[in-house]
Ligand SMILES: [Ca+2]
Ligand SMILES: [Ca+2]
């Protein structure tokens, strides 16, 4: 795959995904291409393309989680205190069954840092999956 084909493919594949990014931060298709072209031969193998695409997607997912986290950190303390935690969609939806914030506060500082928040998201997402929820009698 050469640069031009790559740029076209990237646009086609990711128009919506990359539209959410700051163009200055993304560095444009050339910067992305250079980062994906691991052996630097000016062409992307199928594998380089696959890996690059997977990495980009997980990086975007983390960016989104971070943005979510910062939005819920109303007092900008860098952690979600109990009241902020209670406002999380997953917590609201779980209602009385929601786990206590302290269950994820591993370092016991009264709030969830980003890493603790990720733990919570992973746990809550698993519990919220319909298949995983045991039927109540
Ligand atoms: Ca906070
Ligand atoms: Ca904590």
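No value in this document is a laboratory result; all are computed from the given coordinates. Source: prediction; values computed, not measured. All Cβ positions, even for glycine, are placed from backbone atoms using ideal geometry, and neighbour counts span all protein chains on display.
A compact table of results
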read-out	value
Distance histogram in 10 Å bins (all Cα pairs of the range 39-106, percent per bin)	18, 32, 21, 15, 13, 2
Estimated inter-spin distance, residue 77 and residue 93, nm [label 7 Å along Cα→Cβ]	2.6
Values of log10 I(q)/I(0), in the order q = 0.15, 0.29 Å⁻¹, for the range 76-128 under a Debye, Cα-only, solvent-free model	-0.34, -1.28
Cα-projected label distance for residue 3 with residue 70, points at 7 Å along beta-carbon direction, nm	3.1
Rounded FRET efficiency, nearest 0.05, which uses the C-beta distance separating residue 108 from residue 30 and R0 of 30 Å	0.05
